[in-house]
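A.B. asks: Just dropping this structure here.
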Amino acid sequence: MESALELLPGGGRGRCNRKWPDEVKARIVAETLMPGVTVNAVARRYGVPANHVSSWRTLARKGRLVLPAPEDPVEFAALMLGPAEDAPRAEVDGVVRPEIVAGEVVIRLEAGASAERIASVVRALVASR
């Protein structure tokens with residue numbers, strides 16, 4: 001993300017109001033979603049109040065701010081909702097599939113899922129809480 005950011009000064013007396021284009025907001029929000037990155041660190045880097053960045057994240061969550069496509073390939077997983085105690089064991093052709101249980105949430109991965117894949121699902125689960 002090495003491109004220059006453009007700030008548009010807004011009107012206002014004695015106070016410098018800046019208007020941030022949606023594309024810039026989206027790139028800043030996308031940076032805050034990277035593992036190990038904090039909103040405060042990203043806000044400081046761009047000279048934006050952290051509460052602005054947090055409100056932009058809320059806009060993104062509500063679908064009112066479109067984030068850029070991720071640089072890494074996107075992975076999709078099937079999601080089935082239902083009571084965990086009624087769910088059948090995750091067994092396919094005699095092979096038990098990995099399961100991640102977090103409270104009432106049970107995530108069943110594909111048979112032979114790599115440790116890296118399991119770790120990425122756990123990181124995503126932890127980040128969503």
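A.B. asks: From the list Val92, Val96, exactly one residue is over 26 Å from Ala60 (Cβ atoms) and at pLDDT below 60. Which is it?
C.D. replies: Details: Val96 fails: at pLDDT below 60.
Going through Val92, Val96 in turn, just one is over 26 Å from Ala60 (Cβ atoms) and at pLDDT below 60: Val92.
A.B. asks: If I filter segment 5-21 for residues that are at pLDDT 85 or above and closer than 29 Å to Val126 by Cα, do I get at least one hit?
C.D. replies: no
A.B. asks: Quick check: anything in segment 79-88 of a type in the set (Gly, Ala, Ser), surrounded by fewer than 15 Cβ atoms within 10 Å (Cβ to Cβ), at pLDDT below 90 and assigned to a helix (DSSP H, G or I)? So that I can check it myself, show each step before the final result.
C.D. replies: Filtering segment 79-88 down to residues of a type in the set (Gly, Ala, Ser) leaves 82, 84, 87.
Subsequent filtering for residues that are surrounded by fewer than 15 Cβ atoms within 10 Å (Cβ to Cβ) retains 82, 84, 87.
When the remaining residues are screened for being at pLDDT below 90, the result is 82, 84, 87.
Subsequent filtering for residues that are assigned to a helix (DSSP H, G or I) retains 84.
Yes, that holds for at least one residue.
A.B. asks: Checking Val24 against (1) modelled with pLDDT of 95 or more; (2) over 25 Å from Leu125 (Cα atoms), only one condition comes out false. Which one?
C.D. replies: The number of the failed condition is (1).
A.B. asks: On to the next question. Look through segment 99-129, keep the residues that are in a loop (DSSP other than H, G, I, E, B) and either within 30 Å of Arg57 (Cα to Cα) or touching a Leu at 6+ places or on another chain (Cβ under 9 Å) (or both), and return whichever of them is modelled with the highest pLDDT.
C.D. replies: Step one: list which residues in segment 99-129 are in a loop (DSSP other than H, G, I, E, B), which gives 103-104, 109-114, 128-129.
Within this subset, residues satisfying the condition of being either within 30 Å of Arg57 (Cα to Cα) or touching a Leu at 6+ places or on another chain (Cβ under 9 Å) (or both) are 103-104, 109, 128-129.
Details: Gly103: 74, Glu104: 74, Leu109: 79, Ser128: 69, Arg129: 63.
Across segment 99-129, the extreme among qualifying residues is Leu109.
A.B. asks: Looking at Arg64 and the list (1) at pLDDT below 85; (2) more than 19 Å from Val121 (Cβ to Cβ); (3) assigned to a loop (DSSP other than H, G, I, E, B), which single condition is not satisfied?
C.D. replies: (1)
The values are calculated or read from the model by the stated rules, or taken from the named source; none is laboratory data. Since the structure is predicted, the reported quantities are computational estimates derived from the model, not experimental observations. Positions of Cβ are backbone-derived with ideal geometry, glycine not excepted, and every protein chain shown enters the neighbour counts.
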